[in-house]
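Shown next, in structure tokens, is the structure this report addresses.
The values are calculated or read from the model by the stated rules, or taken from the named source; none is laboratory data. Values in this document were obtained by computation on a predicted structure and should not be read as measured data. All Cβ positions, even for glycine, are placed from backbone atoms using ideal geometry, and neighbour counts span all protein chains on display.
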Amino acid sequence: MKEASPIYGLMAEFEQPAQIVAAAVAARDAGYRLVDAYTPFPVEGLPEAIGFPRTRLPLIIFIGGLVGCIGGFYMQYWCNAVNYPINVGGRPYNSWPMFIPVTFEMTILCAATAAVVGLFALNGLPMPYHPVFNVPQFAQASRNRFFLCIQAGDAKFDLPSTRNFLDGLKPHAVYEVQP
Amino acid sequence: MAGTPSHPSNDFAELEPAVLAPGHTFASVTDKISAIVLTRPASRGWWFGLVVSFSLVMVLLTTITYLLVVGVGVWGINIPIAWGFAIVNFVWWIGIGHAGTLISAILLLLHQEWRTSINRFAEAMTLFAVACAGVFPLLHMGRPWFFYWLLPYPNTMKLWPQFRSPLVWDCFAVSTYFTVSLLFWYVGLIPDMATLRDNSRSRFGRIAYGFLAMGWRGSARHWRRYEVAYLIMAGLATPLVVSVHTVVSFDFCVANMPGWHTTIFPPYFVAGAIYSGFAMVLVLAIPLRYFYGLKDFITDQHLQNMAKVMLATCMIVGYGYGLEAFMSWYSDNPYEEYVIHNRMTGAYAWSYWLLILCNVAIPQILWSKRARSYVPLLFCVALVVLVGMWLERFVIVVTSLQRDFLPSSWGMYSPTFWDWSMFLGTIGLFFCLLFLFLRLLPAISMSEMRELVEEVEGPEAHAH
């Protein structure tokens, strides 16, 4: 089973954001699917180029906000109108306009929490170990270099031909990524 | 990214000072900002500032200890003036915090590129200011160890908070504000934590920053979700910041107290909050860029823009003061009329006229472009505004409570030593946290600065 996963993949290093977008498009066009790009800042057009046009995150945030909104209002209604009704000068128990500020704050709180939890969960963070960090030059990915990684698990991956393909994209260098 | 409208070599840039000095690359912005944390030794000035502010933190702790032992009677509060410095300082601090959220969230949504280099420390300012603010109502409760009674939790007394009370709204608003500001700040920090992890020379630094970076590796998929999350959180923080000071103003204006019971309070409080917040950002940014050589990133254009925001909010609060006086006359209500009359001519008239001087008269100098461009003057105006906004809250709290409906419940208020020591102590806490922040975390967002380089410099930015 040595061939199964001798390496994690091959990684090419680029110096310009425009180059990495072109490289990612070329890799998709060549039929590679398990492709990821690593950049020091969000590069426009890159998620689409590696085949990741949309994220479900807004839906998660919306559900979080909805839960906060309904839950926040119901909490006040139940506390002040059902479980322990307080008669304040004959005003209605369900004095809903007075419940709006807390409902609003709970909406924002739950939506923002859902945004952060959803971001971490979908990104699979925290992740203490990842093979890409085995390339010493990868430290530059958080400074000024752009990396394209084609994973060995890709159906079309073949070490010599994929290396040839990456070399053809005129990168600064190509590295093997240890698993 | 198609056009480079603010390219420094075109004619337009000559007229308008740039938001980033020309010639920077991805590497140079990263290295210059991370150097403050990673390589540059702590300067004498930094140690001096830390020691002074840390001493004031000790003053704060001493005051709190004495307060807990003896009780809130150590303050100058009394009946009728039960709020005193505690609420004055609470409103002042929380208002200062608001500029941080405004810069980081609202200006992001409005595509104001100049926010990039000031948003990180403005957000830090928000967190520290809200922390300082929180101390006051907590201790003003008298028995702060029962603070959790404000929260709805099942208890043996089978009681719930009174959700029709603005004080409960305040508890929810301020705690939500702190939590969301912290989350927003942390999410913004994650890519920079990865940069520090990858560039730190010490093992401890790599572990500590690596822990905080949570394994961030800059994948394009992650960036996509990150941008979506960041933008939506900015969208959530924008109405939140408006709601927080609105709720703070409800603490006043839901009451029937003359001088408080007015519908102009919410907008005028929000504008005042932004006013004092921008003044504080200027007070912090001017020394920061001077001492750390960050004039390339926090340019004169930033100071100009902030001065303009201050001038705009100055006009709004000035309108607020005018309308308060007008409404008291127009209402034909003797109590309302008397409160304004007492503010202008009574025992605390000095505070009212000093407030008008600091908040309305002196900042008018910012109409002049020369005054806005002269940095020492701008710094002084910002300090004056901070004093003025503090006086505004003093006037609102003290002069209204001092003379209400019945002459039998009239009183006077004078702060004690412990009032002042507590106020000074929170200023110390604020600056102490800020000094630590400057050395431990990147004061300017490196990932956003790289993005700005890409937009401003275009394809040349890759050089070395």
Positions within the range A:50-67 being closer than 22 Å to A:Pro131 by Cα and either aliphatic (A, V, I, L, M) or more than 8 Å from every other protein chain (Cβ to nearest Cβ) (or both), in sequence order: A:Ile50, A:Gly51
Top-ranked residue in the range B:175-187 [being more than 9 Å from chain A (Cβ to nearest Cβ) and surrounded by fewer than 24 Cβ atoms within 10 Å (Cβ to Cβ); ranked as farthest from B:Glu227 (Cα to Cα)]: B:Phe178
Test: residue in the range A:25-45 that is of a type in the set (Val, Ile, Thr), in a loop (DSSP other than H, G, I, E, B) and within 21 Å of A:Gln140 (Cβ to Cβ): yes
Residue satisfying all of: in the range A:123-169; touching a Ser or Thr at 6+ places or on another chain (Cβ under 7 Å) and of a type in the set (S, T, N, Q); surrounded by the fewest Cβ atoms within 10 Å (Cβ to Cβ) among these: A:Asn144
Boolean, B:Pro166 is over 24 Å from B:Gly84 (Cβ atoms), out of contact with any Cys (no Cβ under 8 Å at 6 or more places or on another chain) and within 13 Å of another protein chain (Cβ to nearest Cβ): no
Selection status of B:Glu392, within 14 Å of chain A (Cβ to nearest Cβ) and either of a type in the set (D, E, K, R) or in contact (Cβ under 8 Å) with a residue 12 or more places away in the chain (or both): no
Residues located in the range A:87-136, provided they are in contact (Cβ under 8 Å) with a residue 12 or more places away in the chain, of a type in the set (S, T, N, Q) and under 23 Å from B:Ala237 (Cα atoms): A:Thr103, A:Thr107, A:Thr113
Checking B:Arg372 against (1) under 24 Å from B:Asp300 (Cα atoms); (2) surrounded by fewer than 22 Cβ atoms within 10 Å (Cβ to Cβ), the condition it does not meet: (2)
Flag if B:Phe147 is over 18 Å from A:Pro101 (Cβ atoms), assigned to a helix (DSSP H, G or I), at pLDDT 90 or above and of a type in the set (A, V, I, L, M, F, W, C): no
Residue in the range B:39-58 that is part of a helix (DSSP H, G or I), out of contact with any His (no Cβ under 9 Å at 6 or more places or on another chain) and buried (at least 22 other Cβ atoms within 10 Å of the Cβ) present: no
Residue identified as over 25 Å from A:Arg56 (Cβ atoms), of a type in the set (Gly, Ala, Ser) and assigned to a helix (DSSP H, G or I) among A:Ala139, A:Ala115: A:Ala139
Extreme residue, farthest from A:Ser142 (Cα to Cα), among residues of the range B:194-230 that are hydrophobic (A, V, I, L, M, F, W, C) and more than 9 Å from every other protein chain (Cβ to nearest Cβ): B:Phe204
Scan of the range B:403-414 for residues that are closer than 22 Å to B:Val254 by Cα and buried (at least 21 other Cβ atoms within 10 Å of the Cβ), ordered by number: B:Arg403
Output for the range A:19-48, where each listed residue is more than 8 Å from every other protein chain (Cβ to nearest Cβ), among the aliphatic types (A, V, I, L, M) and more than 14 Å from A:Thr162 (Cβ to Cβ): A:Ile20, A:Val21, A:Ala22, A:Val25
Subset of the range B:258-288 that is out of contact with any Leu (no Cβ under 7 Å at 6 or more places or on another chain) and assigned to a loop (DSSP other than H, G, I, E, B) - its residue that is farthest from the other protein chains (Cβ to nearest Cβ): B:Gly259
The lone exception for A:Val82 - which of (1) farther than 30 Å from A:Asp158 by Cα; (2) at pLDDT 85 or above; (3) surrounded by 13 or more Cβ atoms within 10 Å (Cβ to Cβ); (4) of a type in the set (A, V, I, L, M) it fails: (3)
Any chance B:Ala131 is away from chain A (no Cβ under 14 Å), surrounded by fewer than 19 Cβ atoms within 10 Å (Cβ to Cβ), touching a residue at least 60 places away in the same chain (Cβ under 8 Å) and in a helix (DSSP H, G or I): yes
Residue in the range A:92-110 that is within 22 Å of the chain's Cα centre (by Cα) and either more than 9 Å from chain B (Cβ to nearest Cβ) or assigned to a loop (DSSP other than H, G, I, E, B) (or both) present: yes
Residue ranges of helices (runs of 4 or more DSSP H) in the range B:347-464 with at least 1 members within 16 Å of B:Leu282 (Cα to Cα): B:369-373, B:375-394, B:417-440
Any chance B:Ser181 is of a type in the set (S, T, N, Q), touching a residue at least 60 places away in the same chain (Cβ under 8 Å) and in contact with a Lys or Arg (Cβ under 8 Å, 6 or more places away or on another chain): no
Hits in the range A:141-156 (condition: more than 20 Å from the chain's Cα centre (by Cα) and either more than 16 Å from A:Ala23 (Cβ to Cβ) or within 8 Å of chain B (Cβ to nearest Cβ) (or both)): A:Asn144, A:Ala152, A:Gly153, A:Ala155
